[in-house]
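The values are calculated or read from the model by the stated rules, or taken from the named source; none is laboratory data. All values reported here derive from a predicted model rather than from experimental measurement. Cβ atoms come from the backbone with ideal geometry, glycine included; neighbour counts cover every protein chain shown.
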Ligand code: NAI
């Protein structure tokens with residue numbers, strides 16, 4: 001029996017993500033938590049004739065503990081999204097506290113769950129989650145993931161457009177680093193099967209992958225950031241984690257993880273000087289089976305992108321760690 005929780009289930013991402021999880025054959029129980037509207041969302045989804053049993057919880061239901069109790073996987077898209085002109089870092093003050101609070105609950109009632117953090121700024125919120133889990137003595141780095149899949153999905157789509165392919169879903173494109181602006185590093189030299197990006201299109205393509213989220217924020221004109229494409233991406237990653245937990249092999253997807261705590265991570269931590277980095281993760285029954293070093297054999301241009309990424313990520317990570325130890 002697999003229990004999946006969505007924390008922030010009534011939101012723009014939370015609702016379509018919950019819908020997709022309700023349809024998944026890998027979920028037996030779907031528990032929806034939010035500070036508003038979960039009874040309605042749960043009642044609505046519960047009429048769908050797929051197998052998962054759906055329940056909805058509010059803070060009055062044991063402060064979130066009932067929702068998360070004994071969960072196998074907790075996906076967190078709780079928090080405020082960007083409006084035009086905002087960076088993901090501008091969300092820090094509010095979302096940092098929300099993520100900290102949710103992870104505290106998870107640490108207590110579901111210490112063995114896979115934890116998938118969507119709430120921005122992911123570069124910092126994952127570090128906050130790790131510090132909370134460390135303090136509670138239940139940190140398992142193999143089970144904590146920052147969800148960066150939307151960057152990969154965007155890269156697949158934009159590369160397919162340039163390469164004249166019908167779909168990008170058959171392409172494997174490592175997008176590494178972090179999840180904001182120039183910390184997002186697409187490695188087009190490592191696309192499989194190989195695609196050649198014309199020189200005159202390279203810079204614009206990199207920029208579009210790094211700042212694709214801004215296109216959505218601008219088009220939504222104050223109504224939020226990516227929700228539907230993020231729900232798709234979050235679901236794709238969550239279902240891979242569940243498939244791997246059931247024993248399926250060969251499932252690889254980049255994710256933002258704590259390098260010193262995962263097999264293969266030390267080498268990348270040394271190369272970058274960072275504790276957190278999004279790298280291709282091979283998933284297994286216990287979460288991260290191993291990570292592979294994406295930095296070997298990259299082009300000069302890609303190395304320049306990596307250098308800028310490392311600079312930005314350092315500050316984001318430190319900010320997260322400091323917040324966890326000294327919340328305002
Ligand atoms: P939204 O505002 O539509 O939904 C957020 C939901 O979180 C709301 O329903 C709200 O009531 C709920 N919430 C607030 N505090 C909570 C708490 N303490 N416990 C439980 N639920 C709580 O926002 P949207 O568009 O769904 O975005 C959510 C987050 O996801 C934002 O931080 C956004 O920046 C981030 N995001 C991340 C992406 C990624 O690639 N990792 C991509 C797009 C958005």
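Before moving on, here are some points about what is shown:
- Any chance residue 63 is farther than 15 Å from residue 10 by Cα and over 23 Å from the mean Cα position of the chain (by Cα): yes
- Some residue of segment 42-57 being closer than 28 Å to residue 326 by Cα, touching a helix residue (DSSP H, G or I) at 6+ places or on another chain (Cβ under 9 Å) and within 13 Å of the ligand (Cβ to nearest atom): no
- Within segment 190-205, the presence of a residue that is surrounded by fewer than 18 Cβ atoms within 10 Å (Cβ to Cβ), within 16 Å of the ligand (Cβ to nearest atom) and not in a loop (DSSP other than H, G, I, E, B) is excluded.
- For segment 142-169, filtered to residues that are without any contact (Cβ under 8 Å) to a residue 12 or more places away in the chain and farther than 18 Å from residue 198 by Cα, the residue that is surrounded by the fewest Cβ atoms within 10 Å (Cβ to Cβ) is 166.
- When residues in segment 211-252 are screened for being away from the ligand (no atom under 13 Å from the Cβ) and closer than 30 Å to residue 25 by Cα, 14 of them pass.
- The requirement of being in contact with a strand residue (DSSP E or B) (Cβ under 9 Å, 6 or more places away or on another chain) and surrounded by 16 or more Cβ atoms within 10 Å (Cβ to Cβ) is fulfilled somewhere in segment 217-234, by at least one residue.
- Looking across 67, 42, 107, 71, one residue alone is out of contact with any strand residue (DSSP E or B) (no Cβ under 8 Å at 6 or more places or on another chain), modelled with pLDDT of 95 or more and either not in a strand (DSSP E or B) or not assigned by the TED database to the domain that holds residue 225 (or both). It is 107.
- A count restricted to segment 93-104 and to residues that are more than 8 Å from the ligand (Cβ to nearest atom) and surrounded by 23 or more Cβ atoms within 10 Å (Cβ to Cβ) stands at 3.
- Summed over segment 1-41, the residues that are more than 16 Å from the ligand (Cβ to nearest atom) and touching a helix residue (DSSP H, G or I) at 6+ places or on another chain (Cβ under 8 Å) give a count of 5.
- Count - residues of segment 244-261 that are crowded, with 16+ Cβ neighbours inside 10 Å and out of contact with any strand residue (DSSP E or B) (no Cβ under 8 Å at 6 or more places or on another chain): 1
- The residues listed here are 274, 242; of these, the one that is free of Cβ contacts under 8 Å to residues at least 60 places away in the same chain and more than 30 Å from residue 162 (Cα to Cα) is 274.
- Residues in segment 45-64 that are assigned to a loop (DSSP other than H, G, I, E, B) and in contact (Cβ under 8 Å) with a residue 12 or more places away in the chain were compared, and the one that is farthest from residue 113 (Cα to Cα) is 48.
- Within segment 173-189, the set of residues being surrounded by fewer than 23 Cβ atoms within 10 Å (Cβ to Cβ) and on the phi > 0 side of the Ramachandran plot comprises 181 only.
- Conditions (1) more than 16 Å from the ligand (Cβ to nearest atom); (2) touching a residue at least 60 places away in the same chain (Cβ under 8 Å); (3) closer than 22 Å to residue 290 by Cβ; number of the one not met by residue 135: (3)
- Exactly one residue out of 90, 28, 34 is farther than 28 Å from residue 210 by Cα and surrounded by fewer than 24 Cβ atoms within 10 Å (Cβ to Cβ), and it is 28.
- Among (1) surrounded by 19 or more Cβ atoms within 10 Å (Cβ to Cβ); (2) out of contact with any helix residue (DSSP H, G or I) (no Cβ under 9 Å at 6 or more places or on another chain) - the single one residue 264 does not satisfy: (1)
- For residue 84, the stated conditions do not hold, so it cannot be described as away from the ligand (no atom under 14 Å from the Cβ) and either in contact with a helix residue (DSSP H, G or I) (Cβ under 7 Å, 6 or more places away or on another chain) or modelled with pLDDT of 95 or more (or both).
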